[in-house]
Each structure stands twice: as structure tokens, then as C-alpha cells.
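Shown next, in C-alpha cells, is the structure this report addresses.
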Amino acid sequence: MGDTRRRQILEGLLRAVARYGLRECNMSRVAEEARLSRGILHYYFSDKEEMLGALVDHLREENFRHFARSVSRMKGPWERLRSVLRYPARRFGRERGAMLAKVWVEFWGLSSENERVREFVLRLQSDLRELLRLLVQDGQDAGVFRRDVPARHLAIILMGALEGLVLQWRFDPRGAPFAATARSLERVMERVLRG
């Protein structure tokens with residue numbers, strides 16, 4: 001029951017942050033979104049920051065479970081990397097994905113003034129960047145991807161492109177349609193990686 005209740009709280013937190021933003025999100029709003037009492041929230045979490053850290057871990061685990069399944073089904077280095085690049089397009093095309101994009105923009109925005117939020121964002125970003133680096137390195141080792149640019153730098157470029165795409169889409173969904181732009185990004189990145 002404990003894990004189920006924690007997930008319920010974290011999903012309520014996700015909805016509350018998407019609806020009210022990080023600054024206006026409080027325990028009462030989380031309780032309302034989770035359809036629980038504030039007392040239950042305090043039983044599982046001491047404060048909002050502890051919940052935010054748990055939410056980042058929850059979303060990270062959710063993403064990496066998907067990546068592990070997706071990458072393990074692919075044969076070559078480009079196919080494995082492409083499966084990770086395609087994930088946001090599949091994810092953000094749905095209602096939950098739109099909510100997640102809004103939440104990530106909230107996290108990014110507050111990270112410059114809140115050290116704890118910055119730590120949460122850095123934790124997730126460093127994990128994803130390392131996954132991308134490993135996938136690029138695998139392609140370089142196999143002779144599929146260019147070797148004149150370090151894998152770490154290519155991973156940073158990929159992260160920047162993906163995050164930039166999320167930001168553009170979040171602020172102007174019509175002007176920056178996510179799925180179509182993601183397909184174009186995929187073609188560009190294949191050319192860049194293959195040299």
C-alpha cells in the first residue's frame with residue numbers, strides 16, 4: 001500500500017505543478033490533486049521539497065525503464081540512439097507528455113534561484129546525458145558514428161537540441177510542432193553523427 005500511496009501523491013504533485021506552477025504549488029493543492037488529506041501527505045513526505053525530489057526520481061525511473069526496454073530491442077548503435085531520441089515525440093504527443101513538458105519547464109525556470117531544484121534538474125540531466133554519451137560511444141566504437149568529436153560533446157549537443165525542442169514546443173506548439181520537428185532533428189542528428 002505504501003508504494004501505491006506514494007505514487008498517488010507524486011502523480012498529484014505532478015498535476016499540481018502543471019496546474020499551478022512550482023511557486024504556487026503547496027501541500028493543500030497537492031492533496032487536492034491527489035485526492036488525499038494533507039495529513040497523509042505529511043505521513044509520507046516532510047515537505048514539498050522532499051516530494052519534488054521524489055517526483056524527479058519517480059520520473060527518472062519511469063523514463064529509464066522505457067529507455068532500457070526500447071534500447072534492448074534495437075540492434076545497431078543508430079537504432080538504439082534513435083529509440084531514445086524518439087521517446088519525447090511519442091511522450092509529448094499525449095496529455096501526460098504535455099503535462100510533463102510544462103513541469104520540466106517549471107523545474108528549469110526555478111533552478112536558477114533554488115539550489116534544491118537545481119540539484120534535481122542536474123541529477124536527471126546528468127543521467128540522460130550519460131545515457132546519450134554511452135550510446136554515442138557505442139556507435140563510435142563500432143565505427144558507425146564519427147570519431148572526430150568526443151562522445152561527451154555529442155551527448156551535450158543532443159541534450160541541448162532535445163531540451164530546446166521541448167522549450168520551443170512548450171511556448172509555441174503551433175509554431176514548433178513537436179513530432180514533425182523531432183523527425184527533422186532525427187535526420188539532422190543522423191547526418192551529424194555519421195559524419
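The values are calculated or read from the model by the stated rules, or taken from the named source; none is laboratory data. Because the structure is predicted, anything quoted here is derived from the model rather than measured. Note: ideal-geometry Cβ built from the backbone for every residue, glycine included; neighbour counts use all protein chains shown.
Here are the numbers for the structure shown:
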{"item": "Some residue of the range 174-189 being over 19 Å from the mean Cα position of the chain (by Cα), of a type in the set (D, E, K, R) and at pLDDT below 95", "result": "yes"}
{"item": "Among the candidates Arg7, Arg19, residue that is surrounded by fewer than 14 Cβ atoms within 10 Å (Cβ to Cβ) and either touching an Asp or Glu at 6+ places or on another chain (Cβ under 8 Å) or not β-branched (Val, Ile, Thr) (or both)", "result": "Arg7"}
{"item": "Pairs where the first residue, in the range 55-83, is under 24 Å from Val188 (Cβ atoms) and the second is buried (at least 18 other Cβ atoms within 10 Å of the Cβ) and among the basic types (Lys, Arg), C-beta under 7 Å, 6+ apart", "result": "Val71/Arg80; Met74/Arg80"}
{"item": "Criterion: surrounded by 15 or more Cβ atoms within 10 Å (Cβ to Cβ), outside the structural domain of Ala142 (by TED's automatic domain parsing) and out of contact with any Lys or Arg (no Cβ under 6 Å at 6 or more places or on another chain) - qualifying residue of Leu14, Leu85, Leu52", "result": "Leu14"}
{"item": "Matching option when the condition is touching a residue at least 40 places away in the same chain (Cβ under 8 Å) and part of a helix (DSSP H, G or I), among Leu134, Leu154, Leu124", "result": "Leu124"}
{"item": "Residue in the range 166-175 that is in contact with a Lys or Arg (Cβ under 9 Å, 6 or more places away or on another chain) and surrounded by 16 or more Cβ atoms within 10 Å (Cβ to Cβ) present", "result": "yes"}
{"item": "Top-ranked residue in the range 82-117 [being under 17 Å from Leu10 (Cβ atoms) and β-branched (Val, Ile, Thr); ranked as modelled with the lowest pLDDT]", "result": "Val117"}
{"item": "Which listed residue, of Arg29, Arg65, Arg60, is surrounded by 15 or more Cβ atoms within 10 Å (Cβ to Cβ) and modelled with pLDDT under 90", "result": "Arg60"}
